[in-house]
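Below: the structure, in structure tokens.
The values are calculated or read from the model by the stated rules, or taken from the named source; none is laboratory data. Note that the structure is predicted; figures quoted are calculated from it, not measured. Heads up, the Cβs are rebuilt from the backbone with ideal geometry, glycines too, and the neighbour counts pull from every protein chain shown.
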Ligand SMILES: Cc1cc2nc3c(=O)[nH]c(=O)nc-3n(C[C@H](O)[C@H](O)[C@H](O)COP(=O)(O)O)c2cc1C
């Protein structure tokens, strides 16, 4: 049984299932080329989570993905407001920013350094992966994606007004995430091709409106622009529900994060496979903006401190200090990758090839929709 929606025509794909662009570490372990290509090869749309990647790595990742598939795929980046970041910060040198935080927020820096000690870890120097996003670097990320003419540009955060005409001029489609009606309407007015309505349940940066309330409102507000649902969707029941709410497809993160092709550390995979929904909480301690993560030792320590998180990108620099120390000791489990509330549904048996995730989601949704017509329509 197959399921086809207008999303398939808009994006040139077979099934209305998109693997979310997930950025976490600077090597892109959350969306390796193998995962992106596997999803696209299986008939969905794979998306590279390019947000934390240096522009050169984005280019390399696009090439690697092209070696593995000739189907459409996308790259996701975020366009955060970066007006506060001094534009003369050399991207590879977080030392300057560390010094700024030491001067402007000594309590926060002192707390993080003490946390490193309390966890039995050792402070490390910034490595090549510790870089600060400046407006110039975001622009270079975008330029790479435009030059490479990837089929789909996904914008996770930020104003789409300037990027839509640039992408359309290259023959690319633009997807944009929205956590409320206001942002969705703004994206639609900017000419975005597909709006991804992302609910409170989602892993990563997210808003505070749950999908049952959000999706029908966004669908009504941006019609005829197609809407895709994101957050809390990991099987055919979620896909069928999203279609019932008026969406034309789904954008799924957490379920693909534990696919066999994902390259996240086994400690992170275990957090998702064994964690309950209540373990995945929304907070600002990882990046400075609300994002949903496993409640790791890192987050628990911040909660106890009573300190408020710094703004983006400074909080991320503090997170990086502990990440470096945890990696050096091979104890990454004190940290966490983002993950959604649906983690509570996912167990060891859900660690499968991406193709299997996609195909089971598809056939289960098609069966549900068929059965429901027989069961409830009189
Ligand atoms: C590990 C991880 C990293 C994420 N990073 C990004 C990102 O860089 N850009 C973005 O637009 N969304 C990001 N998200 C949000 C996803 O795109 C997506 O909206 C979310 O995963 C959907 O909810 P689900 O996890 O319940 O499927 C991330 C999500 C996860 C789980």
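Based on this model, can you work out whether residue 299 counts as within 16 Å of the ligand (Cβ to nearest atom), surrounded by fewer than 23 Cβ atoms within 10 Å (Cβ to Cβ) and within 30 Å of residue 250 (Cα to Cα)? Give the derivation first.
Values: within 16 Å of the ligand (Cβ to nearest atom): yes; surrounded by fewer than 23 Cβ atoms within 10 Å (Cβ to Cβ): yes; within 30 Å of residue 250 (Cα to Cα): yes.
For residue 299, the condition - within 16 Å of the ligand (Cβ to nearest atom), surrounded by fewer than 23 Cβ atoms within 10 Å (Cβ to Cβ) and within 30 Å of residue 250 (Cα to Cα) - is met.
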Name every residue in segment 173-192 that is in contact with a helix residue (DSSP H, G or I) (Cβ under 7 Å, 6 or more places away or on another chain) and assigned to a helix (DSSP H, G or I), in order of residue number. 181, 184, 185, 188
Over segment 10-34, the set of residues more than 30 Å from residue 224 (Cβ to Cβ) and more than 12 Å from the ligand (Cβ to nearest atom) is 27, 32, 33, 34
Please enumerate the residues belonging to segment 151-172 that are over 14 Å from residue 190 (Cβ atoms) and in contact with a helix residue (DSSP H, G or I) (Cβ under 6 Å, 6 or more places away or on another chain). 170
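Select, from 261, 278, the only residue that is within 27 Å of residue 295 (Cβ to Cβ), crowded, with 17+ Cβ neighbours inside 10 Å and more than 11 Å from the ligand (Cβ to nearest atom).
Unique residue meeting the criteria: 261.
If I ask for residues that are within 11 Å of the ligand (Cβ to nearest atom) and on the phi < 0 side of the Ramachandran plot, which ones from segment 193-208 would you list? Can you show your working first?
Residues of segment 193-208 within 11 Å of the ligand (Cβ to nearest atom): 196-207.
Across segment 193-208, the qualifying residues are 196, 197, 198, 199, 200, 201, 202, 203, 205, 206, 207.
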For segment 195-212, enumerate the residues that are in contact with a helix residue (DSSP H, G or I) (Cβ under 6 Å, 6 or more places away or on another chain) and in a strand (DSSP E or B). 195, 197
Which count do you get for residues in segment 226-246 that are in contact with a strand residue (DSSP E or B) (Cβ under 6 Å, 6 or more places away or on another chain), closer than 18 Å to residue 178 by Cα and within 13 Å of the ligand (Cβ to nearest atom)? 6
Of the candidates 325, 309, the one satisfying the condition of being buried (at least 19 other Cβ atoms within 10 Å of the Cβ), closer than 23 Å to residue 268 by Cα, without any contact (Cβ under 8 Å) to a residue 40 or more places away in the chain and not assigned by TED's automatic domain parsing to the domain that holds residue 45 is 309
